[in-house]
Amino acid sequence: MTPGAKDPLNSVLRSKREVSRLQILVEIAEHQPAVRQQEIAVKLGVTPQAISEYIRELTDEGMVSASGRGNYEVTKTGIEWVLANAESLEAYARHIRRDIIQQVSVWPAIAAENLRAGDEVGVFMKGGFLYASKKPQQATGTVVADAKKDEDVGVARLNGIIEHHEGSIRICKVPRIQHGGSRKVDPEKLKKVIHGAGFVAAVGLEAYIALRAAGKKPDLFFGAREGTIEAAFHGIDCVIVIVDEEFTDFLKRLEGVGLSYAIVDLFAP
């Protein structure tokens, strides 16, 4: 690697001219030997005269070789220069992702126990919420401020993989009132379906009444479709009771986001 290449701020990124030279070398390498200076000029937003001058300089420096009008190739020296600066740019991008972004990104979680600023914590998902505790987990981070148990806490430098599984969705169809509405639903069947579900939603008044008849007030009525999808993505097992005219569109929505589902027959005999 050439001197200074480890720090792009001391080389290519400090100079618009050097950035342009790098871009031109890349364009020549991509299209050699027949290089259209007009196309490069349009792509870089400069004049053809400027491109011609840059190529002349690169040729004089031995980074480009010319073999007739409009025929150029990047030399070994030019390739080494491009690679050196590409490596420094990659290192800079890694520095941004790993050191800068992780420092300023703070994730909200629920404190599973009393925590103090600077504590190294394990981060895990439970009941659709992110938690932080001193117990080791696959994902780890650093607490940014003191928090008592069950308070919200900020976690920075999040690393690792948070164990997570999507929740199941069971779909129960209810006919519109014109076709019998909630009276066509067997409440005992519905009770069995919703037993143990972490989230129960209703779409349509008929579905809402069917759930009430089964002794359950839905967790969500307005915005129930998107709420069910969100809950399933957060690992919660869901049941959605939905009127028949909304049924097909909801299935398409689930297939569009890649969530699996099961259809349950609730109709009374």
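The values are calculated or read from the model by the stated rules, or taken from the named source; none is laboratory data. A quick note: this is a predicted structure, and the numbers were derived from the prediction, not measured. Cβ: placed from backbone, ideal geometry, glycine included. Neighbour counts: every protein chain shown. Accessible surface areas use protein heavy atoms only, side chains included; no ligands, DNA or RNA. Shrake-Rupley method; radii C 1.70, N 1.55, O 1.52, S 1.80 Å.
Taking only the stretch 177-188 into account, find how many residues are of a type outside the set (Gly, Ala, Ser), buried (at least 16 other Cβ atoms within 10 Å of the Cβ) and in contact with a helix residue (DSSP H, G or I) (Cβ under 7 Å, 6 or more places away or on another chain).
2
For every residue, the table says whether it meets (1) out of contact with any Gly (no Cβ under 6 Å at 6 or more places or on another chain); (2) assigned to a helix (DSSP H, G or I).
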site: Arg225; (1), (2): yes, yes
site: Ile236; (1), (2): no, no
site: Val241; (1), (2): yes, no
site: Glu246; (1), (2): yes, yes
site: Gly256; (1), (2): yes, yes
site: Ser260; (1), (2): yes, no
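I need the full set of residues from the stretch 154-168 which are modelled with pLDDT of 90 or more, farther than 10 Å from Glu120 by Cα and either of a type in the set (Val, Ile, Thr) or touching an Asp or Glu at 6+ places or on another chain (Cβ under 6 Å) (or both), in order please.
Gly167, Ser168 - these are the residues of the stretch 154-168 that are modelled with pLDDT of 90 or more, farther than 10 Å from Glu120 by Cα and either of a type in the set (Val, Ile, Thr) or touching an Asp or Glu at 6+ places or on another chain (Cβ under 6 Å) (or both).
Could you please find all residues in the stretch 134-149 being assigned to a loop (DSSP other than H, G, I, E, B) and either surrounded by fewer than 17 Cβ atoms within 10 Å (Cβ to Cβ) or hydrophobic (A, V, I, L, M, F, W, C) (or both)?
Scanning the stretch 134-149 gives Lys134, Lys135, Pro136, Gln138, Val144, Ala145, Asp146, Lys148, Lys149.
In the stretch 150-176, how many residues are free of Cβ contacts under 8 Å to residues at least 60 places away in the same chain and either open to solvent by less than 70 Å² (accessible area, probe 1.4 Å) or within 11 Å of Ala139 (Cα to Cα) (or both)?
The qualifying residues number 11.
Can you tell me which residues in the stretch 124-153 are at pLDDT below 95, touching a Phe, Trp or Tyr at 6+ places or on another chain (Cβ under 8 Å) and under 18 Å from Ser105 (Cα atoms)?
Once the filter is applied, which keeps residues that are at pLDDT below 95, touching a Phe, Trp or Tyr at 6+ places or on another chain (Cβ under 8 Å) and under 18 Å from Ser105 (Cα atoms), the stretch 124-153 yields Phe124, Leu130, Ala139, Gly141.
Is it the case that Ala66 is within 30 Å of Ala156 (Cβ to Cβ), modelled with pLDDT under 85 and in contact with a helix residue (DSSP H, G or I) (Cβ under 9 Å, 6 or more places away or on another chain)?
no
Any residue in the stretch 214-232 that is in contact with a Ser or Thr (Cβ under 9 Å, 6 or more places away or on another chain), under 28 Å from Phe129 (Cα atoms), surrounded by 15 or more Cβ atoms within 10 Å (Cβ to Cβ) and at pLDDT below 95?
yes
Output the residues belonging to the stretch 190-204 that are surrounded by 17 or more Cβ atoms within 10 Å (Cβ to Cβ), of a type outside the set (A, V, I, L, M, F, W, C) and at pLDDT 95 or above.
The one that is surrounded by 17 or more Cβ atoms within 10 Å (Cβ to Cβ), of a type outside the set (A, V, I, L, M, F, W, C) and at pLDDT 95 or above: Gly204.
For the stretch 27-54, which positions are of a type outside the set (Val, Ile, Thr), open to solvent by 70 Å² or more (accessible area, probe 1.4 Å) and either assigned to a helix (DSSP H, G or I) or without any contact (Cβ under 8 Å) to a residue 12 or more places away in the chain (or both)?
Glu30, His31, Gln38, Glu39, Lys43, Gln49, Glu53 - these are the residues of the stretch 27-54 that are of a type outside the set (Val, Ile, Thr), open to solvent by 70 Å² or more (accessible area, probe 1.4 Å) and either assigned to a helix (DSSP H, G or I) or without any contact (Cβ under 8 Å) to a residue 12 or more places away in the chain (or both).
Got a number for residues in the stretch 106-116 being part of a loop (DSSP other than H, G, I, E, B) and either modelled with pLDDT under 95 or under 26 Å from Gly198 (Cβ atoms) (or both)?
The number of residues fulfilling the criteria is 2.
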